[in-house]
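One structure is given below, encoded as structure tokens.
The values are calculated or read from the model by the stated rules, or taken from the named source; none is laboratory data. Just so it is clear, the model here is predicted, and its values are computed rather than measured. Note that we place each Cβ from the backbone using ideal geometry, even for glycine, and neighbour counts take in every protein chain shown. Just the protein is used for accessible areas: all its heavy atoms, side chains included, with ligands, DNA and RNA removed. Shrake-Rupley method; radii C 1.70, N 1.55, O 1.52, S 1.80 Å.
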Amino acid sequence: DDALDFEGSMASLGKPALADLKQGLATAPVLFAQEDHPELRPMIDRKFSGPLDIDQAAVYVTQSNSILQTRAMATAYAEKAIDAVLKLAPSPERDALVHLAIKVVQRSK
């Protein structure tokens, strides 16, 4: 969801793009992007309330590899979840949890 906020549109997401920034939230892409763009730190501190903060933060995110880092982190957590779930006895519920973990990282909206 964090990566999609920077990649999608209202039609594809079901919510406005950059909704998290507009709510003052610094999600994974922003936090990763600040490694390359330390000027994001004051924007995060003021919850993107400056007149150009949202647009500039979006630019910094797209100029960095933070979307890829976010997707890699989500995939790693999904793999850990699947490994844990696969220790359970086979059942439709277990299989549903595995499919859910896969769907979460593969979704596009």
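Residue under question is residue 3, and the condition is that it be of a type outside the set (Val, Ile, Thr) and touching a Pro at 6+ places or on another chain (Cβ under 7 Å); does it hold? Taking the combined requirement at face value, the residue satisfies it.
If you go through segment 69-109 one residue at a time, how many are farther than 27 Å from residue 17 by Cα and of a type in the set (A, V, I, L, M)? Please lay out each step first, then the result.
To start, the set of residues in segment 69-109 that are farther than 27 Å from residue 17 by Cα comprises 79-98.
Now drop any that are not of a type in the set (A, V, I, L, M), which leaves 81-82, 84-86, 88-89, 96-98.
Residues meeting the conditions: 10.
Answer yes or no as to whether residue 62 is in contact (Cβ under 8 Å) with a residue 24 or more places away in the chain, touching a helix residue (DSSP H, G or I) at 6+ places or on another chain (Cβ under 6 Å) and among the β-branched types (Val, Ile, Thr). Outline the logic, then answer.
Details: in contact (Cβ under 8 Å) with a residue 24 or more places away in the chain: yes; touching a helix residue (DSSP H, G or I) at 6+ places or on another chain (Cβ under 6 Å): no; among the β-branched types (Val, Ile, Thr): yes.
Criteria not met by residue 62.
Checked against the criterion of being aliphatic (A, V, I, L, M), at pLDDT 95 or above and not in a helix (DSSP H, G or I), segment 75-83 has no qualifying residue.
Looking at the structure I just gave you, is residue 26 of a type in the set (A, V, I, L, M) and assigned to a loop (DSSP other than H, G, I, E, B)? In short, yes.
Looking across 71, 41, one residue alone is assigned to a helix (DSSP H, G or I), out of contact with any helix residue (DSSP H, G or I) (no Cβ under 9 Å at 6 or more places or on another chain) and open to solvent by 60 Å² or more (accessible area, probe 1.4 Å). It is 41.
Here is the figure for segment 46-68: residues that are open to solvent by 60 Å² or more (accessible area, probe 1.4 Å) and outside any helix (DSSP H, G or I) total 6.
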